Amino acid sequence: MTAGPPDGDRPARQLRLPGSVAEVEAGPEGPGIGAFFDLDGTLVAGFTVAAHTMDRLRRRQVGAGEFLRMTQLAVEYKLGRRDIDALIEDGAGTARGRLAEDVEEMGERIFQQSVVDQIYPEMRDLVRAHQNRGHTVVLSSSALTMQAVPVARFLGIDYVVCNRFVVDEHGILTGAIEQPVIWGNTKATSVQKFAAEHDIDLGSSYFYADGDEDLALMYLVGNPRPTNPGPALTRVAQRRGWPILRLRSRGSGGPLGRIRNLAALGSLGPAAAAALGIGVLTGNKRAGVNFLTRYWPETVLALNGVKLNVLGAENLTAQRPAVFLFNHRNNFDVFMVAALVKDNWTGVAKKELASNPLAGPLGRLLDAAFIDRSDTEAAVAALQPVEEAARKGLSILVAPEGSRLDTAGVGPFKKGAFRIAMATGLPVVPIVIRNSDSVAGRNSTTLHPGTVDIAVLPPVSVADWTVANLAEKIEQVRGNYVELLANWPATLDGNDRTDP
């Protein structure tokens, strides 16, 4: 989507390549330009219908006869003996007799559980870029509303052109689909109709899609953008000079991706054994813990092909111990921060993680505090051992937003981390993570190769902080996150990038 980081400390330069955010930002604006996005394989890695099918299988809502029929239809379609219309209509038939609002709620639940982490961050950025230019952004797909609408809602897309259930006067699904079934040529004609109704110039519009069946619509727009295209679409794109976008930041990652993730998980055993040995030989638990925290997070990131571009690395050691704050977007943010802070640290985590088979034992090894955010008194009491550890020389790692957020912005900061800093006199060191979603979704348990940008700001003294000005001081720190994420710098005070 953008040019890779240049050598040395020169700022990275965005190229206005077709298919990039920079191209959209440099192009014309206004609602007369449409940006049409396909769903499966384009906005989302894989197929949303698979998530719905797996959900029904897990809940034992699919009988043997229905499963065999689904398999037969899929095989016949692959062999060219069955039209896609039959597959789509058969899928709609499974919802016959259900309340429309119940099916909508089910779609939202499955989206949150299984689909949200499969949205390509690159496509999310492109959607946002088109929205910022005032373009009319449309999700155009052959999927059903229960699959497409939750994705559109999450991305802030107002218009959806997709297959829709027929609903009777009582709000019950009949099992039929509004005609014509949207697929291939009918998808193109549906978009043409939408464009005419909304005064959109297709000649100036964009279409992002992966399917070979989307060729008809690709021919209609002035800016066709094949995204993860199939074989036929790839051949046409190459012949016509259409820019091809290939994204690998989501999905299984293939055999290599699975090997990477298994190797990273397996590395914990040897690292823990070595740490235990060091602790026993030295008679110092902290020496063993430091070995683990220094090398295991780096190993996990390296084995998964994750690199860190760090600005202001010298601020990591300017004052130690310190309270290190980081914005929280996925399960692996803490690995990135740990790889930077390295040793002599403990942390604060939510109470639910105490029962996690991996995070729980690791947290107890690190003497981390597991706090119940719903119980203020209990949370304050749980932080007291952490404050004592800080007084003895340990740094504290905290995500001040509390929960993982699915946003490019910054959530409200809770006061716990700042109260620790005030109680111990430790400085606050903001660590601003720009794009960790490029390597893992919010709830993902696997990493994908990529480069994450991180800025470490200078330590902030809390010497003049009081209960009276605490809220103001917290908001000043939070403001630094907001500013940096909105206007990412090439350097911090002339500091070079580093890759620890």
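The values are calculated or read from the model by the stated rules, or taken from the named source; none is laboratory data. Remember, it's a predicted structure, so these values are computed and weren't measured experimentally. Because the Cβ atoms are built from the backbone with ideal geometry, glycine has one as well, and the counts that use them run over all protein chains shown. SASA here: full protein model, heavy atoms, side chains in, ligands and nucleic acids out. Shrake-Rupley method; radii C 1.70, N 1.55, O 1.52, S 1.80 Å.
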Any residue in region 66-78 that is more than 22 Å from L247 (Cβ to Cβ), modelled with pLDDT of 75 or more and open to solvent by less than 70 Å² (accessible area, probe 1.4 Å)? no
If you scan region 281-316, which residues turn out to be closer than 20 Å to W345 by Cα, in a helix (DSSP H, G or I) and open to solvent by 40 Å² or more (accessible area, probe 1.4 Å)? T282, K285, R286, F291, R294, Y295, E298, T299, E314
Being modelled with pLDDT under 95 and not in a helix (DSSP H, G or I) is the requirement here; does E122 meet it? no
Inside region 254-264, the number of residues satisfying the requirement of being surrounded by fewer than 15 Cβ atoms within 10 Å (Cβ to Cβ) and either assigned to a loop (DSSP other than H, G, I, E, B) or of a type in the set (A, V, I, L, M, F, W, C) (or both) is 4
Considering only region 170-190, state which residues are open to solvent by less than 50 Å² (accessible area, probe 1.4 Å) and either within 30 Å of L99 (Cβ to Cβ) or free of Cβ contacts under 8 Å to residues at least 12 places away in the same chain (or both). G171, I172, L173, G175, A176, I177, V181, I182, T186, K187, S190
Assuming R225 fulfils every condition listed in (1) exposed (fewer than 14 other Cβ atoms within 10 Å of the Cβ); (2) at pLDDT 95 or above apart from one, which condition is it? (1)
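Per-residue answers, yes or no, for (1) on the phi < 0 side of the Ramachandran plot; (2) polar (S, T, N, Q); (3) at pLDDT 90 or above; (4) open to solvent by less than 70 Å² (accessible area, probe 1.4 Å):
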| site | (1), (2), (3), (4) |
| --- | --- |
| I433 | yes, no, yes, yes |
| G441 | yes, no, no, yes |
| T445 | yes, yes, no, no |
| L457 | yes, no, yes, yes |
| S461 | yes, yes, yes, no |
| D464 | yes, no, yes, no |
| E472 | yes, no, yes, no |
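Residues are listed down the side, and each one gets a yes or a no for (1) under 24 Å from E108 (Cα atoms); (2) in contact with a Gly (Cβ under 8 Å, 6 or more places away or on another chain); (3) free of Cβ contacts under 8 Å to residues at least 40 places away in the same chain:
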{"site": "V167", "(1), (2), (3)": "yes, no, no"}
{"site": "Q192", "(1), (2), (3)": "no, no, yes"}
{"site": "A196", "(1), (2), (3)": "no, no, yes"}
{"site": "L202", "(1), (2), (3)": "no, yes, no"}
Going through (1) of a type outside the set (K, R); (2) exposed (fewer than 15 other Cβ atoms within 10 Å of the Cβ); (3) under 30 Å from L358 (Cβ atoms) one by one, G251 fails only at (2)
Options A382, A378, A368, A322: the member that is at pLDDT 80 or above, aliphatic (A, V, I, L, M) and either within 27 Å of the chain's Cα centre (by Cα) or closer than 16 Å to R419 by Cβ (or both): A322
Report yes if V167 is open to solvent by less than 30 Å² (accessible area, probe 1.4 Å) and among the β-branched types (V, I, T), otherwise no. no
Can you confirm whether region 133-156 contains a residue that is farther than 30 Å from R442 by Cα, open to solvent by less than 40 Å² (accessible area, probe 1.4 Å) and in contact with a strand residue (DSSP E or B) (Cβ under 7 Å, 6 or more places away or on another chain)? no
Looking across region 236-248 at residues that are surrounded by 17 or more Cβ atoms within 10 Å (Cβ to Cβ) and under 21 Å from the mean Cα position of the chain (by Cα), the single one that is modelled with the lowest pLDDT is L247
Could you tell me whether any residue of region 153-161 is more than 22 Å from Q118 (Cβ to Cβ), part of a loop (DSSP other than H, G, I, E, B) and in contact with a Lys or Arg (Cβ under 9 Å, 6 or more places away or on another chain)? no
Would you check which residues across region 403-426 are more than 17 Å from the chain's Cα centre (by Cα) and either on the phi > 0 side of the Ramachandran plot or open to solvent by 10 Å² or more (accessible area, probe 1.4 Å) (or both) and list them? P412, F413, K414, K415, G416, R419, M422, A423, T424, G425, L426
